[in-house]
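The values are calculated or read from the model by the stated rules, or taken from the named source; none is laboratory data. Predicted model, so just to flag it, every value in this text is computed and none were measured. Please note: Cβ atoms are built from the backbone with ideal geometry, for glycine as well, and neighbour counts cover all protein chains shown. Accessible surface areas use protein heavy atoms only, side chains included; no ligands, DNA or RNA. Shrake-Rupley method; radii C 1.70, N 1.55, O 1.52, S 1.80 Å.
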Amino acid sequence: MDRKVDQSALKVNQAFIIGLLLLAYALDSVWLVAFVGAVMLLGTAVPSLSLFKRTYQHLLKPAGLVKPDIVTDNPEPHRFAQGFGGVVVALAVIALLAGQPLVGWALAGLVVVLAALNLFLGFCAGCFVYYQLNRFGVPGFNHSPLAKS
Amino acid sequence: MIWERVLIILLLGLVGTGAYTAFKQLHLRRVNGRQPAAAASGQPTLLYFRSEACAACPTQSRYLAQVMGSGEGGEGNGRFTLQQIDVDANPDQARQYGIMTLPTTMLLDAAGKVREINYGLTPPHKLQQQLKTIGAGN
């Protein structure tokens, strides 16, 4: 089965997450954090509804601002990584609403750092966790790293 | 309040970038100080550290095939040599080069000095640019 992932769509997604979470911190806006978390979780559940990726597909790519970079890869680990990030952002929102700004912003900061690692250094922590769970035979983590072609 | 937070973001960004740059320079210095055995081949060398369990390595292999031009083999149009190192099979070599993440690519000049280290997936255009700086580009 031919499995393709557009790296540019992933990078745009990460850039939006980093940019909006930093903006949320600057503006001290819990609702912007909640918005980012909702987009991440919705994009994980229904990938076609991922707002940041749709922005890339319908705006940035047609305008020629970002060129596609399609590679053979499993999309599931990237989706897991986004879902994991979405859960951490949701926890950040709960902490912020519960009057624990230090915990809330630390959790949001963790997502920013992990997304930045992926964006700038190409290290996907969520994918790493996914493939480790696959190695240990955890149900639901069915895809192992693709062989070299 | 906003400017205070913007300043914190900028400061954290600066500290992070500075720490990363310092760490990379230290890594370069340490690797060159150890004079790895595989280094001086008389030709620029691209070292590619990988393993079977590394998720991003197949993509990095494809990127390297693009850089090599022909797609396979160890000749980069005669300008440089690609050396692939499986860290599971060669843990001593991985330790010698201080490998902490996969994939990692290193560019060595003709004298065997490590000039660039790339942590994680590195796109072909970046590798080609780095090869140019050591006189091994197209």
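Do you know which of the residues in the stretch A:126-142 that are under 18 Å from the mean Cα position of the chain (by Cα) and buried (at least 18 other Cβ atoms within 10 Å of the Cβ) is farthest from A:T44 (Cα to Cα)?
Selected residue: A:Y131.
Within the bounds of the stretch A:129-143, is there any residue that is touching a His at 6+ places or on another chain (Cβ under 7 Å), more than 9 Å from chain B (Cβ to nearest Cβ) and of a type outside the set (A, V, I, L, M)?
yes
May I ask you to say which residue of B:R95, B:R79 is part of a helix (DSSP H, G or I), open to solvent by 40 Å² or more (accessible area, probe 1.4 Å) and either basic (K, R) or within 14 Å of chain A (Cβ to nearest Cβ) (or both)?
Being part of a helix (DSSP H, G or I), open to solvent by 40 Å² or more (accessible area, probe 1.4 Å) and either basic (K, R) or within 14 Å of chain A (Cβ to nearest Cβ) (or both) holds for just one of B:R95, B:R79, which is B:R95.
Given the options A:L133, A:L119, name the one that is closer than 16 Å to B:T17 by Cα and either in contact with a strand residue (DSSP E or B) (Cβ under 6 Å, 6 or more places away or on another chain) or assigned to a helix (DSSP H, G or I) (or both).
On the way: A:L133 fails: closer than 16 Å to B:T17 by Cα.
Sole residue among the options that is closer than 16 Å to B:T17 by Cα and either in contact with a strand residue (DSSP E or B) (Cβ under 6 Å, 6 or more places away or on another chain) or assigned to a helix (DSSP H, G or I) (or both): A:L119.
Which condition number in (1) aliphatic (A, V, I, L, M); (2) farther than 24 Å from B:H125 by Cβ; (3) in contact with a Gly (Cβ under 6 Å, 6 or more places away or on another chain) is the one that A:A106 fails?
Against the list (1) aliphatic (A, V, I, L, M); (2) farther than 24 Å from B:H125 by Cβ; (3) in contact with a Gly (Cβ under 6 Å, 6 or more places away or on another chain), A:A106 comes up short only on (3).
Looking only at residues that are open to solvent by 30 Å² or more (accessible area, probe 1.4 Å), in a loop (DSSP other than H, G, I, E, B) and more than 8 Å from chain A (Cβ to nearest Cβ) in the stretch B:53-71, which one is modelled with the highest pLDDT?
B:G69
Quick check: anything in the stretch B:76-98 in contact (Cβ under 8 Å) with a residue 24 or more places away in the chain, over 24 Å from A:E76 (Cα atoms) and of a type in the set (K, R)?
Yes, the stretch B:76-98 contains a residue that is in contact (Cβ under 8 Å) with a residue 24 or more places away in the chain, over 24 Å from A:E76 (Cα atoms) and of a type in the set (K, R).
On the basis of being surrounded by fewer than 20 Cβ atoms within 10 Å (Cβ to Cβ) and within 18 Å of A:L110 (Cα to Cα), does A:A45 make the cut?
no
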